[in-house]
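Written out below as structure tokens is the structure these notes cover.
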Amino acid sequence: PSIVYCLKLLMLLALGGVTMHVPDEDVVASLGALRLDGHFSFDDAQAAARDFGNRCSLLPAAVLHPGSVSDIAATVRRVFLLGRHSPLTIAARGHGHSLLGQSQAAGGIVVKMESLAATAVLQVHGGPSPHVDAPGGELWINVLHETLKHGLAPRSWTDYLHLTVGGTLSNAGVSGQAFRHGPQVSNVNQLEIVTGRGDVVTCSHEVNSDLFYAALGGLGQFGIITRARIALEPAPKMVRWIRVLYSDFETFTEDQEMLITAEKTFDYIEGFVIINRTGILNNWRTSFKPQDPVQASQFQSDGRVLYCLELTKNFNHDEADIMEQEVGALLSRLRYISSTLFYTDVTYLEFLDRVHTSELELRAQGLWEVPHPWLNLLIPRSTIHKFAREVFGKILKDSNNGPILLYPVNRTKWDNRTSVVIPDEEIFYLVGFLSSAPSSSGPGSVEHAMNLNNQIVDFCEKNGVGMKQYLAPYTTQQQWKAHFGARWETFERRKHTYDPLAILAPGQRIFPKVS
Ligand code: FAD
């Protein structure tokens, strides 16, 4: 079987037209001899070389479909023992929703984490501290479906749920609940991890805490998360989903900041920027039906930049009156353009899975599997106005290529022992330029979007904005060192401890494989 394996491997490499270090036959035979509950496959290498960003394709030598955690541990251990002389690296692939090859491994092994999710069970535990034990490769949408059966749900989300538990926990996991509960990495009590030496380690705030904090936001550098214990709360049945518009950035952000620091407030607080919008990509974040609040055609913006505050209030059917009163009281404190209050009531599931609805619409129009040159920035409160003045309307003349998110979060809800890098200020903003590039040239092209992204980053760097990138697509260690700043030393020390040969997550381009 090792010869067949080797031939298939070489054929794949040739088909991909990729230049890479090909593992020798002994290495291949050594892996082929592993006794696994799952299996290696070679015919889906092309699929493992794709991601949501659609701008980077690195062909692996093989894909591991783990049937158990031991499969992952045995594979990592074998590659570790092959040592410096083997070029093999290993990338865990969640749902492959990275932007620039972060879950790929050129000539290495991609571990399809969703195969593990299919063989492991989601276990929901009630009681005073409800939680769910979820496989690392589980999609958040499945976690939600399962926990809802028990009347429970995780507290902190991403805007889109067709992402995996291990994938978002390796970044941070941020959405409109983060101001209150912190990002998803602040809502995990325990992890099971396969380190870069192939050891299976359980870790938490109390036990093996250094590895626990390293892995949270750790970009897959310290181990493969095979299981996560996620905190739950009682799930509401319904959500009042509200949007209001502003034409003044100061008023918009003052209201956002008031809401995220108020004791009694909404359950979800986000916002987005609307600049001269037309076209379907504008509806990416879904629209209320029948009255869409952000169709510029229905609202005379006179070419102004508009800011949309998006809010929700959770409720159960028997609490509708109280919800109405609370929402009324909160809205009365806001200074939006009074004719622009839009709302709808939807189930909690419908609200949380909202981006999937847009995904289906975009897929139907062939606009989902296109390049996504996204730029996600964390901007300190003290420089957000300077940033907005330069970017909205000056660098960016429209927001036709996709939504621009902008909302504040509280630093106190982020744990600085994790690997996540954030600005050093009490309040900072997440600003996401979520561009799609369906055309090969012109305003809908990757080139156009990248040019704008570069201008924005350039402006930040030259004007002391104090910005940090989220889901950063850096390609050199020097860039990563600058990103981590004073925290680089800890990050590097942890890498030496848990993945000394730098086998894991090569697509982040932080540490080259030790040879
Ligand atoms: P992958 O892209 O497959 O992997 C991401 C990285 O983590 C890779 O380096 C990979 O090797 C590593 N990895 C994957 N699984 C594991 C594991 N089990 N253990 C260790 N390392 C692992 N992010 C937000 O924070 N908030 C949002 O609102 C948000 N919305 C999004 C909307 C869309 C439409 C998309 C495409 C992405 C969004 N994201 C958001 C970004 C998302 O967090 C990242 O794409 C993230 O990478 C999760 O995707 P994934 O599960 O497919 O992981």
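The values are calculated or read from the model by the stated rules, or taken from the named source; none is laboratory data. All of these numbers come straight from a predicted model, not from anything done at the bench. Note that each Cβ is placed from the backbone with ideal geometry, even for glycine, and that neighbours are counted across all protein chains shown. Note: areas computed on protein heavy atoms with side chains; ligands, DNA, RNA excluded. Shrake-Rupley method; radii C 1.70, N 1.55, O 1.52, S 1.80 Å.
Which pairs do you get when a residue that is small (G, A, S), found in region 27-47, comes within reach of a residue that is modelled with pLDDT under 85 and open to solvent by 50 Å² or more (accessible area, probe 1.4 Å), reach meaning Cβ atoms under 6 angstrom, with the pair 6+ apart or on two chains?
G32/P1
Could you go through region 210-233 and let me know if any residue there is free of Cβ contacts under 8 Å to residues at least 40 places away in the same chain, under 17 Å from S419 (Cα atoms) and more than 7 Å from the ligand (Cβ to nearest atom). Steps first, please.
Applying the first criterion (free of Cβ contacts under 8 Å to residues at least 40 places away in the same chain) to region 210-233 yields 212.
Filter again for under 17 Å from S419 (Cα atoms), leaving 212.
Of the ones still in play, those that are also more than 7 Å from the ligand (Cβ to nearest atom) are 212.
Among the residues of region 210-233, at least one is free of Cβ contacts under 8 Å to residues at least 40 places away in the same chain, under 17 Å from S419 (Cα atoms) and more than 7 Å from the ligand (Cβ to nearest atom), which makes the answer yes.
Within region 145-166, can you find the residues that are within 12 Å of the ligand (Cβ to nearest atom) and crowded, with 20+ Cβ neighbours inside 10 Å? Show your work before the answer.
The initial filter retains those residues of region 145-166 that are within 12 Å of the ligand (Cβ to nearest atom), namely 156-166.
Passing the criteria: S156, W157, T158, Y160, L161, L163, T164, V165, G166.
Within the set of pairs 6 or more residues apart or between chains, which connect a residue that is farther than 19 Å from N142 by Cα inside region 346-367 to a residue that is surrounded by fewer than 17 Cβ atoms within 10 Å (Cβ to Cβ) and at pLDDT 95 or above with Cβ atoms less than 6 Å apart?
Every condition considered, no pair remains.
Quick one: L362 ticks every box in (1) part of a helix (DSSP H, G or I); (2) open to solvent by less than 70 Å² (accessible area, probe 1.4 Å); (3) modelled with pLDDT under 95; (4) farther than 29 Å from P154 by Cβ bar one, so which box is it?
(4)
For region 233-241, state whether one or more residues are in contact with a Leu (Cβ under 7 Å, 6 or more places away or on another chain) and under 21 Å from T497 (Cβ atoms).
Within region 233-241 (the criterion being in contact with a Leu (Cβ under 7 Å, 6 or more places away or on another chain) and under 21 Å from T497 (Cβ atoms)), the answer is no, since none of the residues qualifies.
Being open to solvent by less than 10 Å² (accessible area, probe 1.4 Å) and either in contact with a Ser or Thr (Cβ under 8 Å, 6 or more places away or on another chain) or not acidic (D, E) (or both) is the requirement here; does V420 meet it?
Working: open to solvent by less than 10 Å² (accessible area, probe 1.4 Å): no; either in contact with a Ser or Thr (Cβ under 8 Å, 6 or more places away or on another chain) or not acidic (D, E) (or both): yes.
No; evaluated as a whole, the condition is false for this residue.
Check region 375-392 and report whether any residue there is open to solvent by 50 Å² or more (accessible area, probe 1.4 Å) and either among the hydrophobic types (A, V, I, L, M, F, W, C) or not assigned by TED's automatic domain parsing to the domain that holds S441 (or both).
no
Hey, among the residues in region 268-291 that are assigned to a loop (DSSP other than H, G, I, E, B) and open to solvent by less than 30 Å² (accessible area, probe 1.4 Å), which one's modelled with the highest pLDDT?
Of the residues in region 268-291, the ones assigned to a loop (DSSP other than H, G, I, E, B) are 275-279, 286-291.
Filter again for open to solvent by less than 30 Å² (accessible area, probe 1.4 Å), leaving 275, 277, 286-288.
Numbers: I275: 89, R277: 70, T286: 44, S287: 53, F288: 55.
Restricting to residues being assigned to a loop (DSSP other than H, G, I, E, B) and open to solvent by less than 30 Å² (accessible area, probe 1.4 Å), the top hit is I275.
Across region 114-144, what is the total count of residues that are among the hydrophobic types (A, V, I, L, M, F, W, C), touching a residue at least 60 places away in the same chain (Cβ under 8 Å) and open to solvent by 20 Å² or more (accessible area, probe 1.4 Å)? Give the derivation first.
From region 114-144, those among the hydrophobic types (A, V, I, L, M, F, W, C) are 116-118, 120-122, 124, 132, 134, 139-141, 143-144; that's our starting set.
Narrowing further to those that are touching a residue at least 60 places away in the same chain (Cβ under 8 Å): 116, 120, 124, 132, 134, 141, 143-144.
Going one step further and asking which of them are open to solvent by 20 Å² or more (accessible area, probe 1.4 Å), we end up with 120, 124.
So the count comes out to 2.
Inspect region 67-80 for any residue being modelled with pLDDT under 95, open to solvent by less than 40 Å² (accessible area, probe 1.4 Å) and either away from the ligand (no atom under 14 Å from the Cβ) or assigned to a loop (DSSP other than H, G, I, E, B) (or both) and give the result as yes or no.
no
Mind listing whichever residues of region 318-347 are in a helix (DSSP H, G or I) and modelled with pLDDT under 95?
Filtering region 318-347 for residues in a helix (DSSP H, G or I) gives 318-331, 338-340.
S338, S339, T340, listed by residue number.
Within the group P443, P500, P473, which residue is out of contact with any Cys (no Cβ under 8 Å at 6 or more places or on another chain), within 22 Å of A172 (Cβ to Cβ) and open to solvent by 30 Å² or more (accessible area, probe 1.4 Å)?
Working: P443 fails: within 22 Å of A172 (Cβ to Cβ); P500 fails: within 22 Å of A172 (Cβ to Cβ).
None of the other options fit; the residue is P473.
Give the residue, chosen from A92, A118, that is more than 16 Å from the chain's Cα centre (by Cα) and not aromatic (F, W, Y). Break it down into steps so the answer makes sense when it comes.
Details: A92 fails: more than 16 Å from the chain's Cα centre (by Cα).
Going through A92, A118 in turn, just one is more than 16 Å from the chain's Cα centre (by Cα) and not aromatic (F, W, Y): A118.
Would you check which residues across region 170-228 are of a type in the set (K, R), within 21 Å of the chain's Cα centre (by Cα) and surrounded by fewer than 21 Cβ atoms within 10 Å (Cβ to Cβ) and list them? Outline the logic, then answer.
The initial filter retains those residues of region 170-228 that are of a type in the set (K, R), namely 180, 197, 227.
Subsequent filtering for residues that are within 21 Å of the chain's Cα centre (by Cα) retains 180, 227.
Result: R180, single match.
Just the residues that are within 30 Å of L309 (Cα to Cα) and within 8 Å of the ligand (Cβ to nearest atom), please, taken from region 167-205. Please lay out each step first, then the result.
In the first step, residues of region 167-205 are kept if they are within 30 Å of L309 (Cα to Cα); the result is 167-188.
Listed by number, the residues that qualify are G167, T168, L169, S170, N171, A172, G173, V174, S175, P183, Q184.
Residue-wise test of (1) within 19 Å of H97 (Cβ to Cβ); (2) not acidic (D, E).
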position	(1), (2)
L144	yes, yes
H150	no, yes
W157	yes, yes
A178	yes, yes
D199	no, no
T202	no, yes
Y213	no, yes
I224	yes, yes
R227	no, yes
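Could you list, in sequence order, all residues of region 27-39 that are open to solvent by less than 30 Å² (accessible area, probe 1.4 Å), closer than 16 Å to P66 by Cα and not in a loop (DSSP other than H, G, I, E, B)? If you could, list the steps in order and put the result at the bottom.
From region 27-39, those open to solvent by less than 30 Å² (accessible area, probe 1.4 Å) are 27-28, 30-31, 34, 38; that's our starting set.
Okay, now just the ones that are also closer than 16 Å to P66 by Cα, so 31, 34, 38.
L31 - this is the single residue of region 27-39 that is open to solvent by less than 30 Å² (accessible area, probe 1.4 Å), closer than 16 Å to P66 by Cα and not in a loop (DSSP other than H, G, I, E, B).
Taking the stated definitions as given, is H372 at pLDDT 95 or above and within 16 Å of the ligand (Cβ to nearest atom)? Full working, then the answer.
Numbers: at pLDDT 95 or above: yes; within 16 Å of the ligand (Cβ to nearest atom): yes.
Considered against the rule, which asks whether it is at pLDDT 95 or above and within 16 Å of the ligand (Cβ to nearest atom), H372 comes out as yes.
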